[in-house]
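A short worksheet on the structure shown next.
What follows draws every value from the coordinates through simple rules; no lab data is involved. Note that the coordinates shown come from a computational prediction; the quantities given were computed from them, not determined experimentally. Don't worry about glycine lacking a Cβ; one is built from the backbone with ideal geometry, like all the others, and counts go over all protein chains shown.
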Amino acid sequence: MTRYASETAVSRSRSIEEIERTLSRYGADSFGYGWEGDRAVVAFRAHGRMIRLLVPMPKRDDPVFTLTPSGRRRRNQKDVYAKWERACRQRFRVLSLVVKAKLEAVESGLATFEEEFLAYTLLPDGRSVGEMALPEVARAYEKGQAPRFLLPALSPGKGKDDGT
């Protein structure tokens, strides 16, 4: 199967501008973009929540870029850069599609903003809900029991078989 937008000519900057316009159109009142190393970040505030989307970027030294399809010969730097840049453009086209789909699902009433962006919502300590919850969910599956944060808090005399 072919990857979505794998042959796109749309630049990263144009995709980022499109994401910003989309977010603004759907009510975001703050937007930021940056990158460090092998990941980019898109952050915004909407519906009273701070959202951070981390975008893993391909590594330039990945053999998929540096070697020919046979894997026997190295590509020249110009070709390496062109293939790597195409992969980066593809990631931002996907991100634009995902953001639009999530916001349209909210707008259409298929989901709430909180449901669509829960994993990316920033907590006061700077971690996302996903960063906090995913390790706990993995442990729960390993142990076969619900994570502590999903269990209802039982206060004395409540929730027991005492008729209350």
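Points to keep in mind about this one:
Let's see how each residue does on (1) at positive phi; (2) assigned to a helix (DSSP H, G or I):
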position: S15; (1), (2): no, yes
position: E18; (1), (2): no, yes
position: R52; (1), (2): no, no
position: G71; (1), (2): yes, no
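- The stretch 106-134, residues that are assigned to a helix (DSSP H, G or I) and either touching a helix residue (DSSP H, G or I) at 6+ places or on another chain (Cβ under 6 Å) or more than 29 Å from L23 (Cα to Cα) (or both): V106, F113, E116, L118, A119, V129, G130
- Residues of the stretch 1-21 that are free of Cβ contacts under 8 Å to residues at least 60 places away in the same chain and closer than 11 Å to V99 by Cβ: E20, R21.
- Residues that are among the aliphatic types (A, V, I, L, M), touching a residue at least 24 places away in the same chain (Cβ under 8 Å) and part of a loop (DSSP other than H, G, I, E, B) are absent from the stretch 22-41 altogether.
- Residues of the stretch 2-20 classified as surrounded by fewer than 13 Cβ atoms within 10 Å (Cβ to Cβ) and farther than 12 Å from R93 by Cβ, total: 2
- Leading residue by the ranking (farthest from Y26 (Cα to Cα)) among those in the stretch 48-96 that are of a type in the set (A, V, I, L, M) and surrounded by fewer than 16 Cβ atoms within 10 Å (Cβ to Cβ): L67
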